[in-house]
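As C-alpha cells, the structure follows; a few thoughts come after it.
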Number of protein chains: 2
Amino acid sequence: MSVTLDYVPQLRARGYRMTSQRMAILRVLHHFGGHLSPTQVYEQARKQLPNLTETTVYRTLEFLAEHGLARSAHMGNGHLVYEIAQHEHHHLICRNCGNTVEVKHSLLKTMYQKLESSSGYKLTDSHLTFFGLCSDCK
Amino acid sequence: MSVTLDYVPQLRARGYRMTSQRMAILRVLHHFGGHLSPTQVYEQARKQLPNLTETTVYRTLEFLAEHGLARSAHMGNGHLVYEIAQHEHHHLICRNCGNTVEVKHSLLKTMYQKLESSSGYKLTDSHLTFFGLCSDCK
DNA sequence: CATGCTATTGCAAGAAGTTGCAATAAGGAA
DNA sequence: TTCCTTATTGCAACTTCTTGCAATAGCATG
Ligand SMILES: [Mn+2]
Ligand SMILES: [Mn+2]
Ligand SMILES: [Zn+2]
Ligand SMILES: [Zn+2]
C-alpha cells in the first residue's frame, strides 16, 4: 500500500488532513531519501501535481517537520533542506571541501542527557549539523 | 582605542583590507553584543554609513563569520543571525514558547572529542542551536 | 449521500537574500 | 606623496522565501 497513506492516521488524530499536495511531497521525500531543498521538492512534486505552488511547498515542509514526518537541517549557508523522518542522525561537514559524514545519535546521547539535566529542558531535536575540517583538509 | 582597529592586523595578515563598511558593521555587532539579523545590522550600521548597501552587509557578515570575527547561528526559522565572536557557547530554544538558554561549551567538550576521534575531522565550530521544550512547556 | 465546518491551498504582493560586473578605494611599493 | 594592483563595494537584475486573504476541498456528522 502507498507509503503516504500510512501517515493519514497520524494526521487525523491531531485534527489535520491528508491532501494531494501533502501526499505528493511526502512521496518525493520518501522516494529520494536524502536532503532536498524546497525548490527541489517543488520541481519533483510538480511532476505529479502540476498546479502545486511553491508557497504550499514551503508551508507543507514546515508543517511536516513540525509534526515529525520530516526533518529539517541547515547546511551552512543558512538555507534549510528537508528529508523524510527516519533514524536519528546528525551531520558533519568539512568547511573546506564540503565533504559530509553522517554522525550516529548514540555518540551524543550522554551529552544530550547532561544538557537536559542542567537546563531542565527536554530535547526534541536530533538532527544537528557540525562543521569542521576533514582529515584531508585539516 | 577603537575596538574595530584591533581587527586590522588579523585581516592584513591574510591579505584582506579594513574598510569603513567592515568597521561600521563590527562596531554594531560589538556594541549590541547579542544576535542580530542582517537587516538589523543594516539598519544600525547605516546610521554611521548612510550609503552602505544591504548587499555589502550580507557579504560582510559572511566574510566576518568565515574569518572568525563573527559567529552565525540559525534560530529555527532557517534564517541566520550574527554576533561578535567572543566566548564559545551554544543555544537551547524552547520550540513552544521560544525561551532560550545559553549552553556552556564545556558541556559538549567530551562529545566533541568523541566526534573528532571517530570521524577524523577537526571540529571548527562551537555555536550550535538545540531545540527542546522548557520546563514550563514540556 | 448531502451538508457544514474549517484546515488548507493558490494567488498576488512584498520582503529577504544572491550574483555578475563595472567602478571604487585600501594599502604596498616606489 | 603618487602610482598600481586587486580586494571590496554598489548597482541592477534575479531568485528565494513570506504573508494576508479569499476560494477550495477534506472529512465528520446526520
Ligand atoms: Mn539528515
Ligand atoms: Mn550565540
Ligand atoms: Zn575537506
Ligand atoms: Zn517553553
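Derivation of every value follows stated rules applied to the coordinates shown; laboratory data play no part. No experiment lies behind these values; they were computed from the predicted model shown. No Cβ is skipped: glycine too gets one built from the backbone with ideal geometry, and neighbour counts run over all protein chains shown.
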Note, A:Cys97: beta-carbon cut-off 12 Å, +1 each Lys/Arg, -1 each Asp/Glu, net +1
Rounded to the nearest 0.05, what FRET efficiency do A:Gln86 and A:Lys114 have when you use their Cβ-Cβ distance and R0 = 22 Å? 0.25
Tell me the distances, shortest first, between B:Ser126 and the same position across the other copies, using label points 7 Å along Cα→Cβ, in nm to one decimal. 2.6
Ordered by residue, what ³J(HN,Hα) values in Hz, to whole numbers, does region A:126-133 give under the Karplus form 6.51 cos²θ - 1.76 cosθ + 1.60, where θ = phi - 60° and Gly and Pro are x? 9, 7, 8, 10, 9, 10, x, 10
Under the 7 Å Cα-to-Cβ spin-label approximation, A:Phe32 and B:His31 lie apart by a distance in nanometres of 4.3
So, in nm and shortest first, the distances from A:Ser37 to its counterparts in the other copies, with label points 7 Å along Cα→Cβ, work out as 2.1
Ranked by how many other beta carbons lie within 10 Å on average, peptides A:70-82, B:54-66, B:11-23 from highest: A:70-82, B:54-66, B:11-23
Among B:Ile93, A:Ile25, which comes first, second and so on when ranked by fewest other beta-carbon atoms within 10 Å? B:Ile93, A:Ile25
Using DSSP, restrict attention to beta bridges with both residues in chain B and report what percent are antiparallel, rounded to the nearest 5. 75
With +1 assigned to the C-beta of every Lys and Arg and -1 to the C-beta of every Asp and Glu, and no other charges, what is the dipole magnitude of the protein assembly as shown about the Cα centre in debye, to the nearest 20? 20
What value, in deg cm²/dmol to 500, does the helix sum -39500 (n - 2.57) over DSSP H runs of n ≥ 4 give at 222 nm once divided by the residues of chain B? -12000 deg cm²/dmol
Which distances, shortest first and in nm, link B:Gln10 to the matching position in the other copies, using label points set 7 Å out along Cα to C-beta? 4.4
Give a residue-ordered list of calculated ³J(HN,Hα) values for region A:19-31 (Karplus: 6.51 cos²θ - 1.76 cosθ + 1.60, θ = phi - 60°; whole Hz; x for Gly, Pro). 10, 5, 5, 5, 4, 4, 5, 4, 4, 4, 4, 5, 5
Nearest 5 percent is fine: what portion of the DSSP beta bridges confined to the protein assembly as shown is antiparallel? 75
